[in-house]
Every structure is written in structure tokens, then in C-alpha cells.
1. Would you list the helices (runs of 4 or more DSSP H) that sit entirely within region 251-368 and hold 1 or more residues that are closer than 29 Å to residue 148 by Cβ?
2. Using the structure shown, decide if residue 343 is under 30 Å from residue 202 (Cα atoms), within 10 Å of the ligand (Cβ to nearest atom) and surrounded by fewer than 20 Cβ atoms within 10 Å (Cβ to Cβ).
3. Condition first: within 15 Å of the ligand (Cβ to nearest atom) and of a type outside the set (A, V, I, L, M, F, W, C). Now tell me which residues in region 311-326 satisfy that.
4. Scan region 210-226 for residues that are at pLDDT below 95 and more than 17 Å from the chain's Cα centre (by Cα) and report the count.
5. Based on what the data block shows, is residue 200 surrounded by fewer than 21 Cβ atoms within 10 Å (Cβ to Cβ) and within 22 Å of the chain's Cα centre (by Cα)?
6. Of all residues in region 225-250, which are in a loop (DSSP other than H, G, I, E, B) and away from the ligand (no atom under 16 Å from the Cβ)?
7. Could you grab the pairs with beta carbons closer than 6 Å, sequence gap of 6+ or different chains, first residue in region 259-273 and closer than 12 Å to residue 316 by Cα, second one within 16 Å of the ligand (Cβ to nearest atom) and in a helix (DSSP H, G or I)?
8. Please enumerate the residues belonging to region 262-275 that are of a type outside the set (Lys, Arg) and within 15 Å of the ligand (Cβ to nearest atom).
Amino acid sequence: MMEQRKGRRLILFPLPLQGHLNPMLDLANILHSKGFSLSLSSTPTSTLPTFQTTLTSLSSLSKMAYRQPRPPQTMSFSLISLLNIKCVEPFKECLSRLVSDDVSEDPVSCLITDAIFHFTQAVAESLKLPRIVLRTVSSSSFVVFSAFPLLREKGYLPIQVDNMVSATKASSGLMWNTFEDLEQSSLASLIQQFSIPMFLIGPFHKHNLVIPSPSSGLLAEDQTSLSWLKTQPPKSVVYMSFGHIVVISEQEFLEIAWGLAKSEQPFLWVVRPGLVHGVEWLEPLPRGFLESLSGRGRIVKWAPQQEVLPHKAVGAFWSHNGWNSTLESICEGVPMICMPCFGDRKVNARFVSQVWKVGLQLENGKLE
Ligand code: UDP
């Protein structure tokens, strides 16, 4: 049995991918507003500017960066495995320092890490520190992940991808950026499988955050998106964004462009530089594409999505169904056109279209 620690100081260790980092920073905001003091342990990555902005804004936070391999913007299973091996020693060293720096009135009471950093469970145990896991995806998709051990046992999965599940089961609790009314049945199934406390404290971005959610550490939000929306009729605009990491082919990009043009609806389209494979930005678009639409279409590199979705001009969200986008859309009551590309997003899209029935999934060239 782990000794009960009484401090109000927590150490947070996020995965340095924007879609994981943002919910962790929102969580930091929430915990800070409840009187906890926080230390963030980070990696020297491109996402660090987002950290620094948040850290300088939250007075009692302190930061500790340490060296480890520089992760790119997307993560494959093999890279995740590698990070979980290579980070062990530097993280252990960093955590020991933070724990031994304990001031007696404010000892570290707990480590909170992204579920994907499953190696942190053993490190926390070795320092007798309780670990709470933050899972940044939907609980519905985690039900699928939790079946991985069984699938591997039956020989359907050739690679070892189930450490995340076993390390989560061994942790002291699981935090979710979701709420019970939305994912009741998935949560019930997880509560049966995991005999640890579950904390349903989402949607994070709807808490009264001291600092607004950081949307990106790299791209400036184009505020003209909002002034343009003001000029559009209520519920008329199709907002389209595929988040931070999805990459599509040139052919898909052009099909989307013609789909938007021929819909005859106004649209606000986020084309992140790098979204289209092998292309810098809008080069594949035919010359004069936007001009031919007489102001009906607007393309930006990055939008203030959390302000776009509640805008009265927005009528639909064409989305890749990352969990943050899905939750933000549900919170604002914006129906979705789902076009998931991989992983948990496919589960989210199924739930949006088949269970919650707040959107349609684009599959085989049809909306279903
Ligand atoms: N986002 C944004 N502006 C954009 C596109 C996305 O602020 O133009 C934010 C969005 O509000 C969400 C996050 O980026 O919070 C995307 O996270 P999600 O989990 O949906 O997808 P990921 O980027 O991880 O694929």
C-alpha cells in the first residue's frame, strides 16, 4: 500500500504532441485554480513555446526540462515504444530531483502523466509516488484500446501495444476530458475493467480557465476568421479543419476543394501548412479558385477554433474527429461531417454518427 502524501504540489508530464499537450495544460489550469501548485516536466520540443506562455502566466508553476530524443509531430507505435524506453533514465533522474527538492510544507503528492508514457508507472513506483493517468482521448476509444491485450493473446496483434493498458490499471486513478452523460456506457465498461478511481472532469475547455486553452504552439490563430464569419448568414458556414497532425494527399485535397466549392455553402477552411503531402500550402489549388467563389470561401492557416465553433454563422463542422475537436463541436451543438483518418478518430466518428447521432460519416464517397 502506497503511503498517503499530503502535499498540494503535483508534477505533470504531458506527451509533447499538441492534441495531448493542450488538454494537459487545461488540466494544469483547472488544478491551479483549485489551489494546487504544479511542476511541469517537459521535453525540448517545438511545443515548448506553448508551455512557456502558460508557465509564465501561472505564477506558482515551475518548469523542469530535460534532454531526451526530440519527438516529431506524429507518433507511430514504434516511436511510442522507443520514447517509453529512452525516456526512463532521464525522467527518473528529473523526477527524483523534483521529489527530493520537496519543501516540507509543500511536498509532491502525485505525478500526473499522459497515458501513452506508460513507463512512468514503474518510475513513480520506484519513488513511492502515486501516479494518476490523463487519457486525452474519448473513453469510448479507450474501450477499444483496452481490448488490445486480448487481441494480442489471440494472435490478432503482432506487436506489443498493450503496456499502456496494464500501466493504467496499475496507476492510482484515471482522469478524463469527458463527461458521464456523453459516454455513460463506455465509462461503465471501463469502471468494471479498471478497479481504480475515475475522474470525469471534462470538457476541460468549458472550465473557467485562467488562461484560455492554447490552440497551437506554432501557428498564429487567424483572427480574420471571426470578422469574416460576422459577414455570413446564421448557420450557413461549413467550418473545416483536420487538426495538427493529419496529412492528406493532393488528390484528397482537390476533392475537398471541389466539394466545398460545389456545395454552394460558405466555408471557412483551415489548411495548415504541411496538411497536403509534399506541398507547402495551397499550391495544388487551380489559379483563381477562391476568387471564382465571390467571397463565399475563406482559407486560413489556423483558426481560433474554440471561438469559431460557437459563432452563430457556423452550421456544420467537417472534421477529422480528433477528440478535442469532437468534444468542442458537441459542446457548441454543431453537427459534424466526419472524415477520420486513423486510430481513435475512427471510433469517435462512429460514435458521432451511429450512437450520439450528431453527425454523418463520409465513407466510400457517401455520407452515412
Ligand atoms: N485547433 C485550433 N485551430 C485550428 C484547428 C484546430 O485551435 O485551426 C485546435 C482545436 O480547437 C483542438 C485542437 O486544435 O483543441 C485539435 O485537437 P484534436 O484532438 O481535435 O486533433 P489533433 O490536432 O490532435 O489531431
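The values are calculated or read from the model by the stated rules, or taken from the named source; none is laboratory data. These numbers come from a predicted model, not from an experiment. No Cβ is skipped: glycine too gets one built from the backbone with ideal geometry, and neighbour counts run over all protein chains shown.
1. 323-332, 344-350
2. Taking the combined requirement at face value, the residue satisfies it.
3. Of everything in region 311-326, those that are within 15 Å of the ligand (Cβ to nearest atom) and of a type outside the set (A, V, I, L, M, F, W, C) turn out to be 311, 319, 320, 321, 322, 324, 325, 326.
4. 4
5. yes
6. The answer is 231, 232, 233, 234, 235, 236, 249.
7. Final answer for the pair search is 267/260; 268/225.
8. 267, 268, 269, 270, 271, 273, 274, 275 - these are the residues of region 262-275 that are of a type outside the set (Lys, Arg) and within 15 Å of the ligand (Cβ to nearest atom).
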